[in-house]
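Read the structure below first, then the notes.
The values are calculated or read from the model by the stated rules, or taken from the named source; none is laboratory data. The model shown is predicted, which means the values in this text are computed figures rather than measured ones. Glycine also receives a Cβ, built like all others from the backbone with ideal geometry; neighbour counts cover every protein chain displayed.
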Amino acid sequence: MEEQSNQIQEKNKQNSEDWMNSLSVFGPIFPLYLDEDVSEIMVNGPTQVYCERKGKIVLSPIKFRDNNQVISVIEKIISPLGRKIDKSNPMVDVRLPDGSRVNALIPPLALNSPTITIRKFSKDLFHIEDLINLRTISEEVAIFLNACVKARLNIFVSGGAGSGKTTILNVLSNFIPNDQKIIKIEDTTEIQLEKKTVDSLESRSQNCVGKGASSIRNLVRNSLRRRPDRVIIGEVYGGEALDMLHAMNTGHDGFLATSQSNCPRDMIAGLETMVMLAGEDLPVQAIREQIAGAIDIIIQQSRLKDGSRKIVSITEVKGIEGEAISLQDIFIFKHEGLNSEGKIFGRLMPTGVRPRFYERLEATGIHFPPFSFIDQEELRYFSQIQPILFRVI
């Protein structure tokens with residue numbers, strides 16, 4: 001009798017939760033959407049609901065009744081935004097009013113069951129102090145990046161999906177002086193700028209009758225006619241790479257952009273491919289000369305095995321050597337071990353190479369002593385043995 005009573009109470013509780021969840025367009029995943037520790041929600045079917053919590057992907061106990069409920073949630077999310085999903089249009093990618101990004105697929109594209117991916121929009125902006133506290137970068141590297149932005153270097157942030165590229169881009173944009181006009185171009189708005197002089201542009205896909213599309217490339221071309229002091233591109237992944245490189249090489253400096261790649265060398269190769277997608281039939285050597293003359297540094301961002309996100313290298317694009325683009329690491333992440341919680345710790349160490357744009361950094365008024373690009377442990381060691389060397393000589 002008591003067992004039956006408990007079952008009835010549990011069923012009533014479940015019915016109450018289902019009723020509360022039905023009040024939201026998100027249905028059963030509404031609690032995950034409200035959870036501030038969850039940064040991404042992944043529905044791979046009615047019984048497989050995953051979420052990213054503090055950098056780790058975990059299986060949630062939340063479940064849908066069936067495929068129809070998953071499709072119903074998708075329709076409730078996208079309908080107020082003027083979008084629809086059906087067999088003739090089985091894929092949709094939309095931005096919610098709060099900035100969160102939703103991607104959904106249904107059969108026949110999703111073979112087993114409909115899927116939903118929601119990348120939540122962070123309400124709290126990260127600042128450089130936050131990255132230092134999280135040990136993503138050191139204070140010395142923060143000063144270096146500040147000078148790079150103020151010196152109007154063309155900077156690319158490279159990394160895989162979900163590695164934190166947009167966060168780094170947000171932080172870098174805060175170094176831009178307030179009196180400069182900024183044009184921000186994105187496929188889906190994710191970059192949050194604390195500036196007043198910002199024009200935000202967003203690409204648009206074609207509507208249900210096949211019209212109204214506007215690509216990133218069109219927006220890049222249009223932005224250059226509006227005399228911007230800075231252009232920020234959320235992600236470069238197509239023919240807009242050619243127009244961007246041309247602008248960088250013709251006086252439009254201070255670009256900030258991101259691109260998906262595993263390392264700086266892969267990012268350069270990816271840019272070559274993107275320029276070819278523009279359909280201008282340029283020789284490979286000409287493309288490489290454009291890239292080498294345009295980009296100054298590449299910041300490589302990675303998501304490590306413990307779920308943490310760190311800058312693992314800052315690389316200078318030196319120029320052309322023979323037929324290849326020459327790269328040189330200025331800072332590189334040194335893995336120093338694991339702490340008691342299993343988190344990776346380490347630091348960005350200078351490689352001992354002073355970048356060729358050093359004078360441009362000095363011109364910003366931010367002074368770098370010559371030993372700023374030398375590892376401090378090596379510097380201390382050298383200072384200890386220097387008197388001995390002089391005595392031997």
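Observations
- Verdict on ARG152 being over 27 Å from PRO97 (Cβ atoms), in the same structural domain as THR250 (by TED's automatic domain parsing), touching a residue at least 60 places away in the same chain (Cβ under 8 Å) and surrounded by fewer than 18 Cβ atoms within 10 Å (Cβ to Cβ): no
- Looking across region 226-242, the residues that are under 16 Å from SER214 (Cα atoms) and not hydrophobic (A, V, I, L, M, F, W, C) come down to GLY234, GLU235, TYR237, GLY238, GLY239, GLU240.
- Yes/no for GLY270 being buried (at least 16 other Cβ atoms within 10 Å of the Cβ), at positive phi and modelled with pLDDT of 90 or more: no
- The criterion of at least 3 residues that are closer than 30 Å to ARG83 by Cβ, in the same structural domain as SER326 (by TED's automatic domain parsing) and within 20 Å of the chain's Cα centre (by Cα) is met by the following helices (runs of 4 or more DSSP H) wholly inside region 186-295: 216-224, 240-248.
- Of the strands (runs of 3 or more DSSP E) lying entirely inside region 69-156, not one is found with 1 or more residues being more than 30 Å from GLY270 (Cβ to Cβ).
- Any hit, region 363-375, residues being touching a Ser or Thr at 6+ places or on another chain (Cβ under 9 Å), among the acidic types (Asp, Glu), surrounded by fewer than 18 Cβ atoms within 10 Å (Cβ to Cβ) and in the same structural domain as ASN133 (by TED's automatic domain parsing): yes
- Qualifying residue in region 56-76 (condition: at pLDDT 90 or above, of a type in the set (Phe, Trp, Tyr) and crowded, with 18+ Cβ neighbours inside 10 Å): yes
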